[in-house]
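Undergrad: Quick one: the structure is below, questions incoming.
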Amino acid sequence: MNHQLLMSILILSPFVGFLINGFRYKKHSANLAGTIATAAAAISFLSAILLFIDLLGMPAESRKISVSFFDWITVADFKVKAGFLVDQISAVMILIVTGVGSLIHLFSVGYMHHDKGVAKYFAYLNLFLFNMLLLVLGDNLLVMFVGWEGVGLCSYLLIGFWFTDKEKAAAGMKAFITNRIGDAAFLLGMFVLFLTFGTLTFSEINALIPQSPETSWLGAITIGTLFLFIGATGKSAQIPLYVWLPDAMAGPTPVSALIHAATMVTAGVYMIIRLNPLFLMAPNTLMVIAIIGALTAVMAASIGLTQWDIKKVLAYSTVSQLGYMFLACGVGAFGAALFHLMTHAFFKALMFLGSGSVIHAMHEEQDIRKMGGLKKYLPITHFTFFLGWVAIIGMPPFAGFFSKDEILWMSFHSPLGHVGLWALGAIGATMTAFYMTRLMALTFWGKSRVPKDVHPHESPAVMTIPLIVLGILSVIGGWIGIPHVIGSILPGHPENIWEHWLSPVIKAVPNLGHAEASQEWLLMGVSVTLAAASAALAYHFYVQDPEKPKRFAAAMGKFYEVVYNKYFVDEGYFAWIINPLVRTSKNIWFYVDVNFIDKATYVLSDIVRGGGQFVRVLQNGNIQQYALYIAIGIVTTLAFVLMR
């Protein structure tokens, strides 16, 4: 099979869809625009499947499809090709991006049916897919960076899609600017790595990595990887650059699903996994990644406990789950990070699309305090959302259990891990179970609080079919990564397919000791028990005794207000960073630009103009005046000579 042709179709199909809908952006036919865009995404998905099948047929140690289209940049020793790579890591990513992306496109046909800018919307959606494919398929950091910037642009366009609303336009701008901070660090990381290795191609960097880890904080690899990680905190919304992601809810709900589940926010995690041999040589960087990931997981989960907007709850859930992926990377469990990235794509895309179905049924209402009892009106949405709920809180045998448990186990067992990291992960998982059960209860269960003028109804098939497919994946998606301790007691002793698949491209953690089965069972039991107890408590609070949360919030006093207001991080940024920068900039403008540079320019110009006017008086064309000047000159000269 022609790999170059398949790769071209995979990458360019969404771009062609973008061009077609882009040229007809003023058209209002949702069915035609949606069909074009969804077909483009589906063709790309089919190409990804065919490349994946080809990859399966290759020997495990040499599974790699590499295609170079042309020499892109050649300047002295700096050479970069427009090269693309499908291996075990990128194969998983392209299946997620195009597969889940196709379902989101299909859902959008129903959700955006009445929007006047529907053709433009689908053009942006296809462009998003195209850039994400560039990001995950590039065989070097520079091609990856093109896609990296492309998804940043598309997020700005889609988050601020309804830009006539100032709040939504501001949310798009906030995402764009926050990501620029991370992207500047990403560029610096690329510069450091090029100066260190003389190349930006992944395979060449991996071949030049030293044998022993770098212990100094000032080492080139440590500094380069730290810069890359700062870039990842922007794209993947980690402390301190996570603030844009909750506001990204301003865009259409399917956009939230695409950004939060299948594309942009996974970019930072993917980049670290792609460079896993390099990051293993920088244990100080990994420690920073693990701590930031664990703290982000807990902080975002705590905020999710208090939010009332259905999409905001899911947004903070995404920030928290991304924290788990970074925690996994930080303890060297890169395979577990990619595993959770995949399972999270299934259940989080499901839950965002499910929230879109609820919002559609509630005539754009997003406040869960005005919902309740929707189970009987939206049976398919409720059932599929239920599957996503049990998956995200980590109940066996649903997808989230296997990936989350692997992260918690490795955060404890890995030599790069620590019992404190495990504890933070367990606390975050416990809070996840509470706020997700709270979301389920307030939306679908208990007494109805729906306003009388709202008549909820189930969404059309074009919206419920993607929910059903994602619901199935949320159930079975984790079964390819059954841990050895569970597989050993199952009939036939199934192997961990996921671990076997990634082993040639994921470098093992140095000095990883033997896993004690009893210890693994104990930690697994603790995490599942905590999640189940937390879910039961939330059910009691919000279904059986709905007045209790109010009393509890009142008892918490100021602390509840702090959490509800998201720890005032945005306000702190404005007070301590943004406003001082604005004031400083204004002062520099006023005192340096206006009062010094401008005035100096005016004085200089006045001097030159005055000198010119004086010379103009002397050179006025009057012959008699010239004769006078000559006479004066002669007299002055003679007087000077005679005086000597």
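Undergrad: Can you tell me which residue among 529, 443 is among the hydroxyl-bearing types (Ser, Thr, Tyr) and in contact (Cβ under 8 Å) with a residue 40 or more places away in the chain?
TA: One residue alone meets the criteria, 443.
Undergrad: Taking residue 434 as the residue in question, decide whether it is modelled with pLDDT of 90 or more, surrounded by 20 or more Cβ atoms within 10 Å (Cβ to Cβ) and among the aromatic types (Phe, Trp, Tyr).
TA: When the stated conditions are applied, residue 434 passes them.
Undergrad: Out of (1) in a helix (DSSP H, G or I); (2) over 28 Å from the mean Cα position of the chain (by Cα), what's the single condition that is false for residue 454?
TA: Of (1) in a helix (DSSP H, G or I); (2) over 28 Å from the mean Cα position of the chain (by Cα), only one is false for residue 454: (1).
Undergrad: For residue 187, work out the one condition from (1) under 29 Å from residue 62 (Cα atoms); (2) at pLDDT 95 or above it doesn't fulfil.
TA: Tallying (1) under 29 Å from residue 62 (Cα atoms); (2) at pLDDT 95 or above, residue 187 fails exactly one: (1).
Undergrad: Here's something else I'd like to know. Which of the following residues is touching a residue at least 12 places away in the same chain (Cβ under 8 Å), buried (at least 24 other Cβ atoms within 10 Å of the Cβ), of a type outside the set (Lys, Arg) and assigned to a helix (DSSP H, G or I): 228, 195?
TA: None of the others qualify; the one that does is 228.
Undergrad: If you check residue 176 against the conditions, is it of a type in the set (A, V, I, L, M, F, W, C), in contact with a Gly (Cβ under 8 Å, 6 or more places away or on another chain), buried (at least 21 other Cβ atoms within 10 Å of the Cβ) and closer than 20 Å to residue 131 by Cβ?
TA: When the stated conditions are applied, residue 176 does not pass them.
Undergrad: Mind listing whichever residues of segment 401-424 are over 18 Å from residue 485 (Cβ atoms) and in a helix (DSSP H, G or I)?
TA: Of everything in segment 401-424, those that are over 18 Å from residue 485 (Cβ atoms) and in a helix (DSSP H, G or I) turn out to be 419, 420, 421, 423, 424.
Undergrad: Among the residues of segment 110-132, which ones are over 26 Å from residue 459 (Cα atoms) and under 14 Å from the mean Cα position of the chain (by Cα)?
TA: The answer is 131, 132.
Undergrad: When you check residue 218 against the structure, is it surrounded by fewer than 21 Cβ atoms within 10 Å (Cβ to Cβ) and more than 9 Å from the chain's Cα centre (by Cα), yes or no?
TA: yes
Undergrad: Also, I was wondering about something else. Can you name the number of the only condition in (1) part of a loop (DSSP other than H, G, I, E, B); (2) more than 27 Å from the chain's Cα centre (by Cα); (3) loosely packed, with under 13 Cβ neighbours inside 10 Å that residue 508 fails?
TA: If we test residue 508 against (1) part of a loop (DSSP other than H, G, I, E, B); (2) more than 27 Å from the chain's Cα centre (by Cα); (3) loosely packed, with under 13 Cβ neighbours inside 10 Å, just (2) comes out false.
Undergrad: Hey, another quick one. Can you tell me which residue among 319, 298 is crowded, with 24+ Cβ neighbours inside 10 Å and not basic (Lys, Arg)? Write out each step before concluding.
TA: Numbers: 298 fails: crowded, with 24+ Cβ neighbours inside 10 Å.
Only one candidate passes the filter, namely 319.
The values are calculated or read from the model by the stated rules, or taken from the named source; none is laboratory data. The structure displayed is predicted, hence computed values, not measured ones. All Cβ positions, even for glycine, are placed from backbone atoms using ideal geometry, and neighbour counts span all protein chains on display.
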